[in-house]
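Below is one structure, written out as structure tokens; the observations come after it.
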Amino acid sequence: MTGKRFWFCGLPLVLGIWGCSEDSLPRFLRSYTPHERYEEALHAAGLEQTALGRDWLAAARASLEAAVTVAPPYREESYLDPRETMATAYRIPLKRGQRLEAAFESEPDTSYRVFIDLFLTRGSDFAPRHLASADSLERRLDYLARRDGDYLIRIQPELLRGGRYAITIVVTPSLRFPVSGYDTTAIGSFYGDARDGGRRRHEGLDIFARRGTPVLAAADGVVRSTRRNRLGGNVIWLRDDLGRSHYYAHLDTQAVRRGQRVAAGDTIGFVGNTGNARTTPPHLHFGIYSSGSFDPYPALQELPTEPASFTGDSASVGEFVRVRTARARIRSLPTTRSTVLAELPVHTTLKVRAGTGAWYRVSTPDGAVGFVAARITEPLDGPIRHEVVADQTMLLTDPAPMAVAVDSVAAGAEVGVLGAFEEFLYVQGPNGRAGWLPAY
């Protein structure tokens, strides 16, 4: 037994398994993600053969397929029910050069273990590829997108653990703007614009500014060359600490030398119109290269970073609510401009999975997911009416004929109707149990 103890690192005490440090793991395991190491521990303990273990592994896979698309800046208050084998994933479209920052907070702060992983997917046939895992203590992700695509953040707690949490997701530029006192509104020509009658394309950005305006290093790095050529005039090549090459052209003068180390924001030259720009107003041509050129704009674009505060009822997160208006709209994103996924009848019962801004992220009893304005819902504090059951029937876990029965309701019993979904009523039975009955 002693030779297998390393497989059990990190499993919760409820499973009767002890913890250990990563330093005690064999070398071949140290490249595993924390989530993968936990999976291996489940296999080693034989728990993947149990319903609980199978459900946990399946939830991890299913969450990536059903990831919720969000638009940063985004903050969500949510709940991971320890009674369920849950995982939640968020889909964030990113452009190359953008930096993704995500922070996870337990509410209240607890010591339960949560696995936070980042994946990349591109197109419907591209299987999610693991990129990074959050630090187990800080629970933060900070990742530079090296290609365009959809990035997935998956959150999953260890077995039989969970609770309330908040996640904040923001997107920031990875480069400092290279012209002092200006921003992206000064860009007059963009990457990919036609040049020479369409015979070539523009491989950078033209940033127009007064002659002599300081040109700044867009990132920490080392100056690789300062020279003069026919097209760019006075130019500087800088290689940043992430291996990207920056090209600054049409400078009036250079202010650095080859081999000099600079920090982001240091002055390296001054705006001019040398080279083939002598007939145009002064500007900086800024390009960026890594296995060829790519668009610098996403790496420079400042986006909002303050997400809306949640204004709904925190007590409703993780609970059932009902809509209190007819034709309540469930939307693809928490905004009235997003796609309407469905219109719900009054009293439709929904499970609140999370809250963001003035919205709830909800799931319908048949598994559809979307966003509903919190103000058009109400908690199931009491019945909307009472009905008498005509024949003996079973109280069900879900609004489906083959659902599991949780209680029996005798003929003539009175039930309180809490909500509805399609041909079923969500009721409180005579014994106080809540469940579903076919509508009469």
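The values are calculated or read from the model by the stated rules, or taken from the named source; none is laboratory data. Not measured: the values here are computed from a predicted model. Backbone-built Cβ (ideal geometry, glycine too); neighbour counts: all protein chains shown. Remember, those area values only see protein heavy atoms, side chains included, never the ligands or the DNA or RNA. Shrake-Rupley method; radii C 1.70, N 1.55, O 1.52, S 1.80 Å.
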Looking across segment 251-290 at residues that are assigned to a loop (DSSP other than H, G, I, E, B), of a type in the set (Ser, Thr, Tyr) and more than 42 Å from the chain's Cα centre (by Cα), the single one that is surrounded by the fewest Cβ atoms within 10 Å (Cβ to Cβ) is THR279
Those residues of segment 399-426 that are surrounded by fewer than 15 Cβ atoms within 10 Å (Cβ to Cβ) and closer than 20 Å to VAL321 by Cβ come to a total of 1
When every residue in segment 232-248 that is out of contact with any His (no Cβ under 9 Å at 6 or more places or on another chain) and in a loop (DSSP other than H, G, I, E, B) is compared, the one nearest to GLU203 (Cα to Cα) is ARG244
The residue that is farthest from GLY367 (Cα to Cα), considering only those in segment 382-429 that are among the β-branched types (Val, Ile, Thr) and not in a loop (DSSP other than H, G, I, E, B), is VAL388
Those residues of segment 160-193 that are open to solvent by 70 Å² or more (accessible area, probe 1.4 Å) and not hydroxyl-bearing (Ser, Thr, Tyr) come to a total of 7
Sole miss for ASP135 among (1) assigned to a loop (DSSP other than H, G, I, E, B); (2) charged (D, E, K, R); (3) in contact (Cβ under 8 Å) with a residue 60 or more places away in the chain is condition (3)
Taking TYR90 as the residue in question, decide whether it is open to solvent by less than 50 Å² (accessible area, probe 1.4 Å) and either closer than 30 Å to THR311 by Cβ or at pLDDT 90 or above (or both). yes
In segment 81-101, anything among the small types (Gly, Ala, Ser) and touching an Asp or Glu at 6+ places or on another chain (Cβ under 8 Å) is listed as GLY97
Flagged in segment 291-333 as free of Cβ contacts under 8 Å to residues at least 60 places away in the same chain and either part of a strand (DSSP E or B) or surrounded by 14 or more Cβ atoms within 10 Å (Cβ to Cβ) (or both), in numbering order, are VAL321, VAL323, ARG324, THR325, ALA328, ARG329, ILE330, ARG331
Over segment 210-225, the set of residues out of contact with any Phe, Trp or Tyr (no Cβ under 8 Å at 6 or more places or on another chain) and without any contact (Cβ under 8 Å) to a residue 60 or more places away in the chain is ALA217, ALA219, ASP220, GLY221, VAL222
All conditions in (1) open to solvent by less than 30 Å² (accessible area, probe 1.4 Å); (2) touching a Leu at 6+ places or on another chain (Cβ under 8 Å); (3) outside any helix (DSSP H, G or I) are true of TRP56 except (3)
Inset, instruction - Determine whether segment 80-92 contains at least one residue that is in a loop (DSSP other than H, G, I, E, B) and within 16 Å of the chain's Cα centre (by Cα). - result: yes
*Say whether the condition of being modelled with pLDDT of 90 or more, farther than 25 Å from LEU137 by Cα and of a type in the set (D, E, K, R) is met by at least one residue in segment 59-79.*
yes
Of the residues in segment 93-117, those that are open to solvent by 10 Å² or more (accessible area, probe 1.4 Å), farther than 15 Å from ALA354 by Cβ and within 13 Å of the chain's Cα centre (by Cα) number 5
Cβ pairs under 9 Å, 6+ apart or interchain, first in segment 277-290 and touching a residue at least 24 places away in the same chain (Cβ under 8 Å), second part of a helix (DSSP H, G or I), ordered by first then second residue, are HIS283/ALA186; HIS283/ALA277; HIS285/GLY275; HIS285/ALA277; PHE286/LEU300; ILE288/ALA299
* Evaluate segment 189-204: report whether one residue or more is hydroxyl-bearing (Ser, Thr, Tyr) and assigned to a loop (DSSP other than H, G, I, E, B). => yes
Of the conditions (1) crowded, with 16+ Cβ neighbours inside 10 Å; (2) closer than 23 Å to ARG327 by Cβ; (3) in contact (Cβ under 8 Å) with a residue 40 or more places away in the chain; (4) not β-branched (Val, Ile, Thr), the single one that PRO379 does not satisfy is (1)
If you go through ARG164, ARG146, the only one that is touching a residue at least 40 places away in the same chain (Cβ under 8 Å), in a loop (DSSP other than H, G, I, E, B) and among the basic types (Lys, Arg) is ARG146
Of the listed residues (PHE320, PHE421), the one being modelled with pLDDT of 95 or more and in contact with a Pro (Cβ under 7 Å, 6 or more places away or on another chain) is PHE421
GLU101 meets each of (1) under 26 Å from PHE177 (Cβ atoms); (2) touching a helix residue (DSSP H, G or I) at 6+ places or on another chain (Cβ under 6 Å) with one exception, condition (2)
Given (1) assigned to a loop (DSSP other than H, G, I, E, B); (2) over 22 Å from ALA62 (Cα atoms), GLU105 misses just (1)
Discussion item. Here is a check on your reading of the model: is ARG361 surrounded by fewer than 15 Cβ atoms within 10 Å (Cβ to Cβ) and either farther than 25 Å from LEU437 by Cβ or more than 19 Å from the chain's Cα centre (by Cα) (or both)?
Written reply: no
Across segment 382-398, the tally of residues that are open to solvent by 40 Å² or more (accessible area, probe 1.4 Å) and among the hydrophobic types (A, V, I, L, M, F, W, C) stands at 4
